[in-house]
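Below is one structure, written out as structure tokens; the observations come after it.
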Amino acid sequence: MPAFKELVFSGVQPTGNLHLGNYLGAIKRFVAMQAQFDCLYCVVDLHAITVWQDPGELTRQIREVTAAFLAAGIDPSRSVVFNQSQVPQHAELAWIFNCVARLGWLNRMTQFKEKAGKDRENASVGLYDYPVLMAADILAYRATHVPVGEDQKQHLELTRDIAQKFNNDFAGAIAAQGHGEGFFPITEPLIGGPAARVMSLRDGTKKMSKSDPSDYSRINLTDDSDAIAQKVRKAKTDAEPLPSEIAGLEKRPEADNLVGIFAALNDASREDVLRDYGGAQFSAFKGALVDLAVAKLGPIGAEMKRLVADPAHIDAVLADGAARAEAIAAPNIAAVKDIVGFVRRR
């Protein structure tokens, strides 16, 4: 394979009510990656409509996710911040990839089975085809790296399969057009650090989710300091003090979750946290976690609210980012059309 310029692509769905899990699992990592890579951060609104969305709410949620990016520290002058639907090359490449991907590959995607449930015949074609669009999102920019959580590893494998099959199927045309042995990179995952998977504050065996009926199960990014403190203090724990060793967190999911949250917020390891708080009662540990969470998350929530109140500014950021994204994607898709054999307007 030829050498490709290192480039990171990642997207967040505009599904509303962003919470601590979204921040620690994705957005906080996005901020850190800016120092190491050229990054494109996308609000994936085309993915959002694979299930029905209220149009007014979708508009609000696109802006809210963008506000979260900016409030958390993503610099739109340094990274490309945009929403997917403003860059038509995503959808164009998705169709070409629909003709490369195999039905058997999509039939193995476990996330469709989980999201569609028992009534699969009523699920949208888009929900079934979602992973192909995800591959197009990544490869429209020939991105070399994607930060992934556990639930997206299978989709990245599909992206790699599509890239490899395209490179193989069109090897002659790729070489003839001067692109060497392969047009698309085989994108590599960037695996998460501490607390990449944040669990519910009410049940340490379940992932933190906006759909949980209890608001006390999660810390929303828009929560104020009082709400953050109250939710941490009310988080479910057990009767034993914190252990001094990692092994002591086994079979204690709530303790493990709170230690992981502290570690991720403090840019530390679980071992570091247990070194400082091992043997302490949860009341003392929660007090320290309240102080840390309020210090780290309070300013983000306040800045999000300020930004959301200025939609014209957010829309300007998205428009500028979309123009910069399209400047990367358009030549790539033009090259793909030449490779496939389309006659295009010059």
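The values are calculated or read from the model by the stated rules, or taken from the named source; none is laboratory data. All values derive from a computational prediction rather than experimental measurement. All Cβ positions, even for glycine, are placed from backbone atoms using ideal geometry, and neighbour counts span all protein chains on display. These area figures cover heavy atoms from the full protein model, side chains too; ligands, DNA and RNA do not enter into them. Shrake-Rupley method; radii C 1.70, N 1.55, O 1.52, S 1.80 Å.
Some observations on this one:
- 3J(HN,Hα) couplings calculated from phi for region 95-101 with the Karplus curve 6.51 cos²θ - 1.76 cosθ + 1.60 (θ = phi - 60°) are, in sequence order, 5, 4, 5, 4, 8, 9, 5 Hz; Gly and Pro show x.
- Region 149-228 pair-distance distribution - Cα-Cα, 5 Å bins, rounded %: 3, 13, 14, 13, 11, 9, 8, 8, 7, 7, 5, 2, 0
- Karplus-derived 3J(HN,Hα) values for region 73-82, using 6.51 cos²θ - 1.76 cosθ + 1.60 with θ = phi - 60°, are x, 6, 9, x, 8, 9, 10, 8, 10, 7 Hz; glycine and proline are entered as x.
- Note on Ala327 and Ile246: the model spin-label points, each 7 Å out from Cα along the C-beta direction, lie 4.4 nm apart.
- Size check on region 60-214: the Cα extents along the three principal axes, sorted descending, read 58, 44, 31 Å.
- The label point for Glu114 and the one for Val340, both projected 7 Å from the Cα toward the Cβ, are 3.1 nm apart.
- With N counted as the residues of region 76-163, its alpha-carbon radius of gyration over 2.2 N^0.38 Å works out to 1.14.
- Excluding ligands, DNA and RNA, the accessible surface per residue across the chain is 46 Å² with a 1.4 Å probe.
- Lys/Arg +1, Asp/Glu -1 at C-beta; the chain dipole; positive extreme among Ile333, Ile62, Gly21: Ile333
- Per the Debye formula on identical point scatterers at the alpha carbon atoms of region 1-54, with no solvent, log10 I(q)/I(0) at q = 0.25, 0.27 Å⁻¹ is -1.02, -1.09.
- Amide H contacts for Met199 (H built 1.01 Å from N in the peptide plane; partners 5 or more residues away or on another chain; cut-off under 5 Å): Met208.
- Calculated FRET efficiency for the pair Ala284/Trp105, C-beta based, R₀ 45 Å, to 0.05: 0.30
- Taking the Cα centre of region 54-132 as reference, the dipole from Cβ charges on Lys and Arg (+1) and Asp and Glu (-1) amounts to some 260 debye.
- Top positive-direction residue, dipole computed over the chain with Cβ charges, set Leu265, Leu249, Ser217: Ser217
- Karplus-derived 3J(HN,Hα), 6.51/-1.76/1.60, for each residue of region 334-345, Hz, glycine and proline x: 4, 5, 4, 4, 5, 5, 5, x, 5, 8, 10, 5
- Charges were assigned to the Cβ only: +1 to each Lys and Arg, -1 to each Asp and Glu. The resulting dipole of region 173-310 about its Cα centre is roughly 440 debye.
- Spacing of the two label points (7 Å from each Cα toward its C-beta) at Ala312 and Ala173, in nm: 4.6
- In the frame of its principal axes, region 1-138 has Cα extents of 43, 43, 26 Å, reported largest first.
- Alpha-carbon centroid distance for the pair region 100-160 / region 67-88, whole angstrom: 23
- Per residue, the convex hull volume that the Cα atoms of region 201-298 enclose (Å³): 89
- With an a/c value under 1.5 for the gyration tensor axes a ≥ b ≥ c computed over the alpha-carbon atoms, region 253-295 is described as rounded.
- Assuming charge only on the beta carbon of Lys and Arg (+1) and of Asp and Glu (-1), the dipole of the chain about its Cα centre is about 400 debye to the nearest 20.
- Options Leu274, Thr187, Phe170, ranked by Cα towards positive dipole end of the chain, top entry (Cβ charges): Phe170
- Global dimensions of region 15-92 from alpha-carbon coordinates: Rg and Dmax equal 12.8, 37 Å.
- DSSP beta bridge pairing in the chain, given as percent antiparallel to the nearest 5: 10
- Inter-centroid distance (Cα atoms) of region 195-250 relative to region 274-338, Å: 20
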